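Written below as C-alpha cells is the structure these notes are about.
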Amino acid sequence: MPSKKALVRRPSPRLAEGLVTHIEREKVDADLAVEQWEAYVEALRTHGWETIEVDPADDCPDSVFVEDTVVMYKNVALISRPGAGSRRAETAGVEEAVAGLGCSVNWIWEPGTLEGGDVLKIGDTVYVGRGGRTNAAGVRQLRAAFEPLGARVVSVPVSKVLHLKSAVTALPDGTVIGHIPKMDVPSLFARFLPVPEEAGSHVVLLGGDKLLMAASAPKTAELFKDLGYEPVVVDISEFEKLEGCVTCLSVRLRELYA
C-alpha cells in the first residue's frame with residue numbers, strides 16, 4: 001500500500017523576514033500565518049495523511065517551506081543544498097526526520113545547489129527546474145541519485161518564478177497545469193492544461209479526486225470541479241506574500257517501504 005505521510009514544520013517567529021525574489025515585499029501577519037498553517041495541516045489530516053512535525057528552526061525565517069529541504073523518490077531522501085545560503089541550516093532537522101522514517105539518505109554536495117520546490121515528479125519522470133535556486137551541478141547530482149532507481153530526469157528552465165512548482169504542478173492523471181505567463185517553455189509538457197490564475201498552478205494530490213489548493217484561485221477551482229475533481233481549499237495568504245504555495249508547506253512521502 002502507498003504511504004500517506006507528510007512532513008510539516010511550524011512557522012518560525014521570524015517568518016516575516018523570509019526571502020522574496022520575484023515579488024514586492026508585503027507585511028506578513030505572523031499570528032495569522034500560524035492559524036493558516038494549522039488549518040493546512042488539519043486539511044492534510046482530514047484527508048488521511050499522517051503529519052510528522054519536523055523540529056522547528058526558529059532562527060530560519062523560511063523554514064516553514066519544508067519542501068525545499070529534501071526530495072523524495074521511492075524510499076530515497078535526497079537532502080537539498082539550498083541555493084539561498086541563509087536556508088542551509090534548515091536541512092539538518094529534516095535529515096533527522098527522514099532518517100527516523102527509515103529512508104535511505106543522500107545529499108547534494110557543493111558546488112551543487114538544489115531546492116525541493118524545483119522538483120516535480122509525475123510517475124517516474126522527474127522534472128527539475130534549472131534556475132535561480134537550483135544549478136546545473138545540483139541537477140547532475142539528482143540525476144545520479146535517482147536515475148539508477150528508474151527515474152527519467154528532465155531539466156526545465158525557470159526564470160519567471162522562484163521554483164518550478166511556482167509555475168507548474170500536475171493533476172492525478174499526469175496532466176501538467178500552469179499559468180502560461182509564469183512559464184518559460186510550456187511546450188516541454190506533452191499533456192498541459194493552462195489555468196487562469198497563478199495560484200491555480202499549485203495543487204497537492206490528497207488522494208482520489210481531491211486537490212488541495214489555495215483560496216486565491218477561485219476560477220481555477222471551478223475549472224477543476226468541471227473536470228470532476230474536488231478542490232479542498234485553504235487560505236495561505238500570508239505564505240503567498242513570501243512566494244509560498246500549497247506544495248512547499250509539506251513533503252509528501254508516498255512510497256515508503258512497509
Considering only region 14-60, state which residues are small (Gly, Ala, Ser) and outside any helix (DSSP H, G or I). GLY18, GLY48, ALA57
Across region 84-101, what is the total count of residues that are open to solvent by 30 Å² or more (accessible area, probe 1.4 Å) and within 18 Å of GLY112 (Cα to Cα)? 6
Looking at (1) in contact with a strand residue (DSSP E or B) (Cβ under 7 Å, 6 or more places away or on another chain); (2) part of a helix (DSSP H, G or I), which is the only condition ILE177 fails? (2)
Among the residues of region 226-242, how many are part of a strand (DSSP E or B) and hydrophobic (A, V, I, L, M, F, W, C)? 3
What is the number of the single condition among (1) at negative phi; (2) open to solvent by 60 Å² or more (accessible area, probe 1.4 Å) that GLY208 does not meet? (1)
Kindly indicate whether any position in region 1-13 is more than 14 Å from SER250 (Cα to Cα) and part of a helix (DSSP H, G or I). no
Given the criterion open to solvent by less than 40 Å² (accessible area, probe 1.4 Å), in a loop (DSSP other than H, G, I, E, B) and over 25 Å from ARG10 (Cα atoms), identify the matching residue among GLY132, GLY112. GLY112
Kindly evaluate THR21 against the criterion of being open to solvent by 50 Å² or more (accessible area, probe 1.4 Å) and under 22 Å from GLU115 (Cα atoms). yes
SER155 being touching a helix residue (DSSP H, G or I) at 6+ places or on another chain (Cβ under 8 Å) and modelled with pLDDT of 95 or more: yes
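The values are calculated or read from the model by the stated rules, or taken from the named source; none is laboratory data. Being a predicted model, the structure only gives us computed values, none of them experimental. Because the Cβ atoms are built from the backbone with ideal geometry, glycine has one as well, and the counts that use them run over all protein chains shown. Only protein heavy atoms, including side chains, enter the accessible area calculation; ligands, DNA and RNA are left aside. Shrake-Rupley method; radii C 1.70, N 1.55, O 1.52, S 1.80 Å.
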